[in-house]
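Engineer: Structure in structure tokens, see below.
The values are calculated or read from the model by the stated rules, or taken from the named source; none is laboratory data. Source: prediction; values computed, not measured. Note: ideal-geometry Cβ built from the backbone for every residue, glycine included; neighbour counts use all protein chains shown. Accessible surface is based on the protein model in full, side chains and every heavy atom, while ligands, DNA and RNA are left aside. Shrake-Rupley method; radii C 1.70, N 1.55, O 1.52, S 1.80 Å.
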Amino acid sequence: MKKFNIRKVLDGLTAASSSSSSSPSATQTGAQNDPVPEVLQSDHFQLCKTVRHGFPYQPSSMAFDPVQKVLAVGTQSGALRLFGRAGVECYCQHESGAAVIQLQFLINEGALVSALADDSIHLWNLRQKIPAVLHSLKFNRERITYCHLPFQSKWLYIGTERGNIHIVNVESFTLSGYVIMWNKAIELSTKTHPGPVVHISDNPMDEGKLLIGFECGVVVLWDLKCKKADCRYTYDEAIHSVAWHHEGKQFVCSHSDGTLTTWNIRAQTKPQIITPHGKQPKDGKKPEPCKPILKVEYKTTRAGDPFMVLSGGLSYDTVGRRACLTVMHGKSTAVLEMDFPIVDFLTLCETPYPNDFQEPYAVLVLLEKDLVLIDLGQIGYPIFENPYPLTIHESPVTCCEYFVDCPAELIPALYSVGSRQKRQGFSKKEWPISGGNWGQGTQSYPEVIITGHADGSIKFWDASALMLQVLYKLKTAKVFERARRSEEKAGSEIVDEDPFAIQTLSWCPESRMLCVAGVSAHIIVYRFSKQEVTTDTVQLLEVRMQSEFSEGDSPDPAGDQTPTLPTPSSPQEVEPPPQTPNSDGPRDNIPCLQVRSSPLKQSPGFQVELVVQLLWVSGEPPQPITSLAVNSSYGLVVLGNSSGLAVVDFLQKTLLLNMGTSELCSPADPPLRQPRSPRKTRQISTASDSMDGSNTSEDRCKSPTSARMSRKISSSGEQKSDLAERRVPPRHSPTCKQPLSCVNEGVAAAGTNWAFFRTKSAPPSKANASFTRSRSSSVSSIDRESREVISSFCFCESFPKKGEGSLGPCLLLGTSQGSVIMVALSLPPTGESRLQQPVGIASCGSLVTLKGGILTMALLDSSGSLLPPPSEQWYDPNGSEEEREKRRRRPASPTSPVEGQDSQFLVLCSEKQAKVLALPSQTRVHKHSITESSFVLRADVVTVGGGNCIACFCANGHIMTLSLPSLRPPADVNYLPLTDMRIARTFCFSHLGQALYLTSPTEIQRITYSQDTCEHRQEMLSELFTPVETPEAPNRGFFKGLFGGGAQSLDREDLFGETGAGKASRSLAQHIPGPGGMEGMKGAASGVVGDLARARIALDERGQKLGELEDRTAAMMASADSFSKHAHDMMLKYKDKKWYQL
């Protein structure tokens, strides 16, 4: 019997309601054409997080398992990040969100204990791919300050703010009745409270002796069996940390005055005092106090002097000096300066046993924004090369794009050129954090993430198979001159604090063309080459973009005059624009940045082809670039902002078109402009202010017959000249009402995103965005709402005119007020003609208007398949001429459509609604209102599950999909409420159900909305726990065993168990069972000495899988128990019977 699926029934109802909302004309069109089959249903979609990359944001603690070789990092937001070998990462989150103050591994047990600032402790099971909490214990009356878990012990010591110590059984997570009270630990004569517990550790050679450090400077050696203090060690300064010598005869304390005190456990009054960074006075007086030593570790070696590693302790006269880590080895002292403040550090040793020579080999330093591993075995203490993708935030991320299913040869090409950029001087040893195993994912399509940064750098990341690895780094700032400090103040109103910050980018994976827009209103076009070149002069094109018409310059409604660009033979022949007396302000015709004048050496990789800069106009800075697209097949770059539109031919290095948005509209259409506030805005910022524009008083005073806008074009070695756009009688054309043709002059080829050649304007960001800076003194709400901003582009092969029978190159423009404008392109033939003949551009007017700003546009063919924008295959611009010509041919145009039938669907999505138009009839086929109470932040047309859909992320946190072309919504999930504008700026969808966003300034969160990916997610995730045999305990030796000089063991079960210590107070802490499950509990609680673990390790060495071994072992144990029971019953039954009674 076929299973009934209610979701499919609901899908059918939604499709029926969606089709019923279409216009009558749409119904007639649907009657003429066969309905397009759609495969996407509700069960094709499921939303879940996959993996988180990057440096843990605001780290607070860390721990290391020396046997499993796994690192754990806790953060102030309650997150846990676990790291193994390169590519093995895991993220999990405490529900409370409280800061993680301490972490403790159950070494080689596959479990982790975390202590939080809300006075709760949690036991995590790491034996499963997605770690889960097995137990939690919430303290009600005391604040947790320190935890200690001895190696191979199940009893966890917990120190509190009141100075008491409680003991917890980590197997059952229950409190022991054994409590060390502060008033019994200190001397009875002491009149003051000793303060919180800052340290707990047991004597390496005697488990029955516990060392307790109080903040006031008192250290107590507590005898667990006798329940009394053996010794007390008192110092005048507060204690921050304590470290044992492995022989258990002495320990070191670090203090708040920058001193280290070394105590012999038998001498309570005479510590050895040193001040590592203090100046020693000649008169024998006490050294000057230094900053507190926050932590010290004391590690011994067999063959040489011990290591003493400490953080802090610098002299107070080192004001402004960065944080340092000090390594003292014998008579040498090395001070290692760090880039960021130190959060914590750990010394990695060869043995997990505290009573053996430690043999330290590295120091792991957790900084506020970095993770550094120092090699102690090499001279000069070099650092290890970090294999984790922790440099996402090296400079603040300003934009992000995600490309899935890229060409197969793309990632190897990027890796090849990026490998030459690696720094030198790292340690030659392998990265020692090498635990875990990679996942066994079946999805192997290439994925690339591109991040733009505030310093002008762009990073390419290999994101395949749920991993992340940096491939290549591009520095766009190299193209420009560096401003001297004396000039920075003078130009502070021109350049930003981060003048090279990346605003938006457009990339074509097929042709490897990259176009980048920065906050200083500059655009750089890059080509990819495997050969190094030196460019004598960077090709430069300067563009003067003015605001749209002032109120007195409205277009003639009769349409008898249209702005038309003349067709001169060279830029020098064009007459300069007429100057008005006040046309030039204090700054005019100057760019925000100065392009480099000296030769530029360009390494293999992305190399500069052309730089386009927008100029200051009449004392107003150029408006931020809100949208950008590049097409390799057409050889065009198009950019838009609140001033209008500019089209650049990067093959001929010329400006083809420069006009306001309202001029692109057909005269028969209503003007796109709205009344604007008379106030001026002075803007040069990032996406947060992209909706603002400038309208100078001089512009408003111009007559209708004066020059509407001018543009300044210059290329290196050529004379700059001004071109004017003048009103001339229109050349009437049967195709378009506003024909425009332009000149050209030579460059290369470019492209953008595979499915839609456009990069959208980022939504408004808050003031806390690291790269957002506004210079607008006052921007009225009228200006923000009414200014028409170009928000998206799409290059395509389509029908420029309604009812047109032939396909041609086109450009679709979307604006912030919902208008969609079609622009026809007339391209010369390929080859030499393309470099010499002009490119024609003609605006065909507005197609349709949607509610809200246009976010994305795409084309489908008559069968519903996505039509990618035209692009050319990559060729090396510095390669042989034969290879370039072979790959340079533009793809053949699509087959001609059948006359009288619609053969394309135009998909449009705005902030409020989506529409599908049939072309060339331009009839609306489907319409869907996405949201009324909120608005869409990001929308992309993607391929998933064998079909196409629009994926939308709304400001209310909903992620939804609209099946194409019917706009039926098969999925709508309330995923993430918009709490941070960073998410809005960086959220992006990609094909095959993938998406990502910047969840913190340092981390990228990847998610999937594909059911297929969710089903295989478990296989793709990496494993943290692998069966490893614990190293053998150190040999005590004959004489130590004979005379009792070895380590003394302690039966903690008898001492702390319910039998020996009684029950703890129920009101002290509350036990909360976790969601880990019984299997996880048994796995985490099973000791390394258990029979099951030994059997598992032995069988694993024979090459069998861990999961099968556990099942078989459990089955064998159950079978043995059953057999024993039946045998015992049989023996009892026939015990006293004679043989003849059987």
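Engineer: Could you give the accessible area per residue of region 164-246, probe 1.4 Å, as a whole number in Å²? List each step's numbers first, then the result.
Structural biologist: Working: 3170 Å² over 83 residues.
Per residue, region 164-246 has 38 Å² of solvent-accessible surface.
Engineer: Ignoring any ligand, DNA or RNA, what whole percent of the accessible area of region 957-1036 comes from carbon and sulfur when the probe is 1.4 angstrom? Could you put the intermediate results ahead of the total?
Structural biologist: On the way: 1240 of 2730 Å².
Its accessible area is 46 percent carbon and sulfur atoms.
Engineer: Starting from the residue with the highest accessible area, list THR1030, THR1008 in decreasing order, probe 1.4 Å. Write down the numbers at each step before the final one.
Structural biologist: On the way: THR1030 25, THR1008 0 Å².
From most accessible down to least: THR1030, THR1008.
Engineer: If only Cα atoms are counted, what is the Rg of region 797-873, and what is its Dmax, in Å?
Structural biologist: For region 797-873, the Cα radius of gyration and maximum Cα-Cα distance read 14.4, 44 Å.
Engineer: Which far-off residues, 5 or more places away or on another chain, put their amide H under 5 Å from the one on ALA971, with H placed in the peptide plane?
Structural biologist: Under 5 Å from the amide H of ALA971: THR961.
Engineer: Right, another one. Non-local amide H neighbours of LEU937 (under 5 Å, H modeled in plane, Pro and chain starts lacking H): which ones?
Structural biologist: Those qualifying (amide H under 5 Å, at least 5 residues apart or on another chain) are PHE953, CYS954, ALA955.
Engineer: Note down the net charge around LEU967, summing +1 for each Lys or Arg and -1 for each Asp or Glu among other residues with Cβ under 9 Å from its Cβ. Could the numbers behind the result be given before it?
Structural biologist: Details: positive: LYS915, LYS927, ARG968; negative: none.
Net charge around LEU967: +3.
Engineer: Contour minus end-to-end for VAL179 and GLN440, with contour as 0.36 nm per residue of separation and end-to-end as the Cα-Cα distance?
Structural biologist: Details: separation 261, 0.36 × 261 = 93.96 nm, distance 4.77 nm.
Fully extending the segment from VAL179 to GLN440 adds 89.2 nm.
Engineer: When the distances between all Cα atoms of region 206-351 are binned every 5 Å from zero, what whole-number percent does each bin get?
Structural biologist: Over region 206-351, the share of Cα pairs per 5 Å bin runs 2, 9, 17, 21, 20, 16, 9, 4, 2, 0, 0 percent.
Engineer: Rounded to a whole number, what % of the accessible area of region 385-424 do carbon and sulfur atoms account for, probe 1.4 Å? Walk me through the numbers on the way to the answer.
Structural biologist: Numbers: 880 of 1860 Å².
Looking at region 385-424 in its full context, I get 47 percent from C and S.
Engineer: What does the highest-first list of 446-453, 143-150, 249-256 look like by mean Cβ count within 10 Å? Mind showing how you got there, number by number?
Structural biologist: Numbers: 446-453: 24.1, 143-150: 20.1, 249-256: 21.8.
Averaged packing, sorted descending, gives the order 446-453, 249-256, 143-150.
Engineer: Just going by the charge dipole of region 241-283, with Lys and Arg at +1 and Asp and Glu at -1 on Cβ, which of PRO276, GLY248, GLY258 is farthest out on the positive end?
Structural biologist: GLY248
Engineer: Something else about it: With only Lys, Arg, Asp and Glu charged, each at its Cβ (+1 for the first two, -1 for the last two), find how big the charge dipole of region 895-1000 is about the Cα centre; round to the nearest 20 debye.
Structural biologist: 140
Engineer: Give me the percent of the accessible area of region 75-137 that comes from carbon and sulfur atoms, probe 1.4 Å, all protein chains in place. Provide the component values of the computation, followed by the final result.
Structural biologist: Values: 820 of 1590 Å².
It is 51 percent, rounded to a whole number.
Engineer: Another question about this same structure. Under the rule of at least 5 residues apart or a separate chain, name every residue whose amide H is placed under 5 Å from the amide H of SER846.
Structural biologist: When sequence neighbours closer than 5 places are left aside, the close amide H contacts are SER666.
Engineer: Another question, then. Too long at a 27 Å Cα-Cα cut-off: which of LYS227/LYS1063; LYS249/LYS285; LYS299/LYS429; LYS369/LYS475; LYS459/LYS530?
Structural biologist: Details: LYS227/LYS1063 17 Å; LYS249/LYS285 29 Å; LYS299/LYS429 21 Å; LYS369/LYS475 21 Å; LYS459/LYS530 17 Å.
Check vs 27 Å cut-off fails for LYS249/LYS285.
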